[in-house]
Amino acid sequence: LASRLNHSESTVVQVGDRKIGDGSVAVIAGPCSVEGRQEIIEIAKELKREGAHLLRGGAFKPRSSPYSFQGLGETGLKFLAEAREVTGLPIVSEVMDIENLPMACAYIDMIQIGARNMQNYPLLKAVGRTTKPVLLKRGLSATIEEWLMSAEYILSEGNPNVILCERGIRTFETATRNTLDLNAVPVIKHLSHLPIIVDPSHGTGVARYVPTMSMAAIAAGADGLILEAHQCPESALSDGQQSITPEEFSRLMQKVEVFTSAL
Ligand code: PEP
Ligand code: MN
């Protein structure tokens with residue numbers, strides 16, 4: 001079902017009022033974690049003003065350590081929904097388990113399946129039984145074929161609204177947090193009709209490399225970007241080192257606009 005073989009037309013997924021996969025570049029931005037009501041509303045307003053199309057923010061966080069900030073849970077989703085009220089931006093947030101799925105669906109516009117859950121097949125089947133758009137991130141060590149098979153789990157349950165997200169893979173390289181596999185963009189475009197966006201924040205793990213790799217992702221043909229942005233990255237509760245400031249986001253958006261109008 002994910003293959004281009006019997007489906008030559010590219011799929012366009014609508015999230016809120018935004019189309020992803022229609023040839024334009026969709027920009028999703030926001031903090032790694034929702035940290036508080038004021039914080040998410042304030043950054044959402046700034047990102048909207050600078051041209052973001054969707055708002056991201058984690059409420060259920062898959063942290064490597066159980067002692068790290070785990071997210072605000074449903075309270076975080078409520079704050080995100082308030083930020084949507086204020087800005088009109090559709091919201092994207094990760095769901096980590098089946099129990100929280102119906103509750104989360106009541107708030108969010110797109111379900112994010114994180115890299116660590118790409119092969120959580122019961123969860124994939126459960127999101128496949130909803131009609132919500134699903135942002136399926138590539139697993140840390142998943143091949144493109146394994147990733148497409150995970151998309152297949154969602155599609156085969158009846159949900160056609162799948163967007164793939166390349167977020168970097170594990171390699172021997174340690175200069176960056178992950179190795180952003182931009183090969184995946186043309187490979188997915190060749191093999192599948194599904195939209196693919198790129199996450200240069202997790203892909204590099206370093207804020208200073210995010211603008212360059214964002215432009216590279218667009219040049220490779222990505223349908224969009226998902227970027228971590230924070231008012232004050234040094235004090236972020238998660239992923240501050242890879243979060244850009246609203247000012248950096250603004251500069252990046254100017255470049256994206258010039259670049260996409262030339263494409
Ligand atoms: C995130 O988007 O904050 C996240 C945890 O991403 P990933 O699942 O790609 O690590
Ligand atoms: Mn993060």
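Where a number appears in this text, it was derived from the coordinates with a stated rule and is not lab data. Remember, it's a predicted structure, so these values are computed and weren't measured experimentally. Please note: Cβ atoms are built from the backbone with ideal geometry, for glycine as well, and neighbour counts cover all protein chains shown.
Residue by residue, here is whether (1) out of contact with any Phe, Trp or Tyr (no Cβ under 9 Å at 6 or more places or on another chain); (2) aliphatic (A, V, I, L, M); (3) under 19 Å from Ser10 (Cα atoms) holds:
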| residue | (1), (2), (3) |
| --- | --- |
| Asp109 | yes, no, no |
| Leu124 | no, yes, no |
| Thr130 | yes, no, no |
| Trp147 | yes, no, yes |
| Ile154 | yes, yes, yes |
| Glu157 | yes, no, no |
| Pro160 | yes, no, yes |
Exercise. Kindly provide the set of residues from the stretch 36-66 that are within 17 Å of Gly240 (Cβ to Cβ), surrounded by fewer than 18 Cβ atoms within 10 Å (Cβ to Cβ) and more than 15 Å from ligand 1 (Cβ to nearest atom), ordered by number.
Key: Gly36, Glu42
Quiz item: For the stretch 157-180, which residues satisfy the criterion of being in contact with a helix residue (DSSP H, G or I) (Cβ under 7 Å, 6 or more places away or on another chain) and either of a type in the set (Ser, Thr, Tyr) or more than 16 Å from ligand 2 (Cβ to nearest atom) (or both)?
Solution: Glu157, Gly158, Asn159, Val162, Leu164, Thr176
Self-check item: Elements of type helices (runs of 4 or more DSSP H) contained in the stretch 113-191, each with 1 or more residues being out of contact with any Leu (no Cβ under 8 Å at 6 or more places or on another chain), under 23 Å from Gly205 (Cβ atoms) and touching a residue at least 12 places away in the same chain (Cβ under 8 Å)
Solution: 144-155, 184-191
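Can you say whether Gly221 is of a type in the set (Gly, Ala, Ser), within 12 Å of ligand 1 (Cβ to nearest atom) and farther than 24 Å from Leu89 by Cβ, as far as the supplied structure shows?
In short, no.
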Quiz item: Of the residues Val185, Val210, Val198, which single one is away from ligand 2 (no atom under 16 Å from the Cβ) and either touching a helix residue (DSSP H, G or I) at 6+ places or on another chain (Cβ under 9 Å) or β-branched (Val, Ile, Thr) (or both)?
Solution: Val185
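How many residues, within the stretch 74-123, are at positive phi and within 13 Å of ligand 1 (Cβ to nearest atom)? Let's see the steps before the verdict.
Kept after step one, since they are at positive phi, are these residues of the stretch 74-123: 88.
Of the ones still in play, those that are also within 13 Å of ligand 1 (Cβ to nearest atom) are none.
So the answer is 0.
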